[in-house]
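In what follows, a single structure is set out as structure tokens and then discussed.
The values are calculated or read from the model by the stated rules, or taken from the named source; none is laboratory data. Being a predicted model, the structure only gives us computed values, none of them experimental. Glycine also receives a Cβ, built like all others from the backbone with ideal geometry; neighbour counts cover every protein chain displayed. Side chains are part of the model used for accessible areas, which takes the heavy atoms of the whole protein and leaves out ligands, DNA and RNA. Shrake-Rupley method; radii C 1.70, N 1.55, O 1.52, S 1.80 Å.
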Amino acid sequence: MNDLLEQGAVLVLDEIVRRAVKAKASDIHLEPKRDRLNVRFRVDGEMIEEQSVPSDIALELVSRVKVLARMDIAERRVPQDGQLTLSPANDTVHLRASTFPSSLGEKVVLRILSGQTLISFEKLGSTRPRRPRSGISSTARRLHRRERSDRRRQDLDAVLVHPPPRHEAHQRDDARRSDRGRAPRRSPRVRRT
């Protein structure tokens, strides 16, 4: 029975990725619900409800993604990231996988890194950027090179969200508030002789 679920997870994952590539989606979201696993695609910035997977195969599907992305399948309490490559319909598709724990299970987001077509500048209503001429100063050429390398690195940047550190005075206030219900502390008396 377990082998059937594993084979089903392989087929379902390949079918989901094949449909996402066909729909020209940039992301695949697998979101656990009480009785199913929702599958949504991000197409042109809009989330589209695609299908749902029964709950009996949902855990196997998430485990399949984690194994292929070289993540720790036993760890379900912390977010994880990885990369994987699939070949549905004889096309090689590179994916970046991220898991995030939730109260109903693990959410999985698969970012499709290959198979995307680039939109031309003309379709966007813009003109093609000009390349620097050979007569431009070396400083301008260096700046242009730096801009190009920054654009290449943009895809690799990550944003970490963390609350600001609490000031020591706030921590003292919190400690005082928690002590209000208790008897006041008395400092030891020192006897002088």
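Listed by first and then second residue, the pairs linking a residue in the stretch 60-79 that is free of Cβ contacts under 8 Å to residues at least 40 places away in the same chain and surrounded by fewer than 20 Cβ atoms within 10 Å (Cβ to Cβ) to a residue that is in a loop (DSSP other than H, G, I, E, B) and among the hydrophobic types (A, V, I, L, M, F, W, C), with Cβ atoms under 7 Å apart and 6 or more places separating them unless they lie on different chains, are Val67/Ile73. Within the stretch 80-104, the set of residues being among the β-branched types (Val, Ile, Thr) and either touching a His at 6+ places or on another chain (Cβ under 8 Å) or open to solvent by less than 40 Å² (accessible area, probe 1.4 Å) (or both) comprises Thr85, Val93, Thr99.
Among the residues of the stretch 26-40, at least one is touching a residue at least 60 places away in the same chain (Cβ under 8 Å), within 16 Å of Lys107 (Cα to Cα) and either in contact with a Pro (Cβ under 6 Å, 6 or more places away or on another chain) or open to solvent by 50 Å² or more (accessible area, probe 1.4 Å) (or both). Taken together, the residues in the stretch 41-59 that are in contact (Cβ under 8 Å) with a residue 40 or more places away in the chain and not small (Gly, Ala, Ser) amount to 4. For the stretch 6-18, indicate whether the set of residues that are open to solvent by 40 Å² or more (accessible area, probe 1.4 Å), assigned to a helix (DSSP H, G or I) and without any contact (Cβ under 8 Å) to a residue 40 or more places away in the chain is non-empty. Among the residues of the stretch 6-18, at least one is open to solvent by 40 Å² or more (accessible area, probe 1.4 Å), assigned to a helix (DSSP H, G or I) and without any contact (Cβ under 8 Å) to a residue 40 or more places away in the chain, which makes the answer yes.
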